[in-house]
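**Q** Sharing a structure below in structure tokens format, with a few things to ask.
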Amino acid sequence: MRISASVWLLAGALALLTPAQAVTYQWVDEQGVTHYSDLPPPPHLSDRARRIKAPPPPAVAPETARRQLEQLEQRLQDIDQQRTEQAQEQAEAQQQATRRAGNCDAARRNLATLENRANRYLRDSEGNVTTMTEEERLRKIADSQRAIEEYCS
């Protein structure tokens, strides 16, 4: 990406510094009217036509050209940085959406289990099994409903 950006930057700078080689024609028609055009005159008037060389464009001082080139390079770096930041933001937003969807599914499964399950056993971190009281079950149902509201909206 950096190589191609540098190539485009150099090509743009050269295009700005290179004069255009346009040809201008001047001729007088049968009525004595003088014409100027970038197209050649009609064939029957070609003997009256002459090519006019356009004056060269004003010269750009080397310091000015270098400054313009640096400004262009800075703009390209800024654009590259903005694109990188946007890509990071999109990736983070996608990760957050995936986490929210997983949390939503887990909260819905927990609620369904607490509402429909006849046995109300809890297993703690050491592997001990205890029976859940009705108050604990209702508290866990309320926690699951809050999680659903938070992650599924």
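The values are calculated or read from the model by the stated rules, or taken from the named source; none is laboratory data. None of these values were measured; they are calculated from a predicted model. Note that we place each Cβ from the backbone using ideal geometry, even for glycine, and neighbour counts take in every protein chain shown. Ligands, DNA and RNA are stripped out before the accessible areas are found, and what is left, the full protein with its side chains, is counted by its heavy atoms. Shrake-Rupley method; radii C 1.70, N 1.55, O 1.52, S 1.80 Å.
**Q** Which residue pairs have Cβ atoms closer than 9 Å, lie 6 or more positions apart in sequence or on different chains, and pair a first residue in segment 84-104 that is touching a residue at least 40 places away in the same chain (Cβ under 8 Å) with a second residue that is small (Gly, Ala, Ser) and open to solvent by less than 100 Å² (accessible area, probe 1.4 Å)?
**A** Note: pairs meeting the criteria are Asn103/Ala147; Cys104/Ala147.
Yes/no matrix, rows are residues, columns are (1) surrounded by 13 or more Cβ atoms within 10 Å (Cβ to Cβ); (2) modelled with pLDDT of 95 or more; (3) of a type in the set (A, V, I, L, M, F, W, C):
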| site | (1), (2), (3) |
| --- | --- |
| Ser4 | no, no, no |
| Asp29 | yes, no, no |
| Pro41 | yes, no, no |
| Pro56 | no, no, no |
| Gln68 | yes, no, no |
| Ile79 | no, yes, yes |
| Arg83 | no, yes, no |
| Leu111 | yes, no, yes |
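**Q** Of the residues that make up segment 115-135, is at least one over 30 Å from Val23 (Cβ atoms), over 36 Å from the mean Cα position of the chain (by Cα), among the β-branched types (Val, Ile, Thr) and exposed (fewer than 11 other Cβ atoms within 10 Å of the Cβ)? I'd like the intermediate steps shown before the answer.
**A** Taking segment 115-135 and keeping what is over 30 Å from Val23 (Cβ atoms), we get 115-135.
From the residues that got through so far, the ones that are over 36 Å from the mean Cα position of the chain (by Cα) too are 115-135.
Those left that are additionally among the β-branched types (Val, Ile, Thr): 129-131, 133.
From the residues that got through so far, the ones that are exposed (fewer than 11 other Cβ atoms within 10 Å of the Cβ) too are 129, 131.
Yes, the conditions are met somewhere in segment 115-135.
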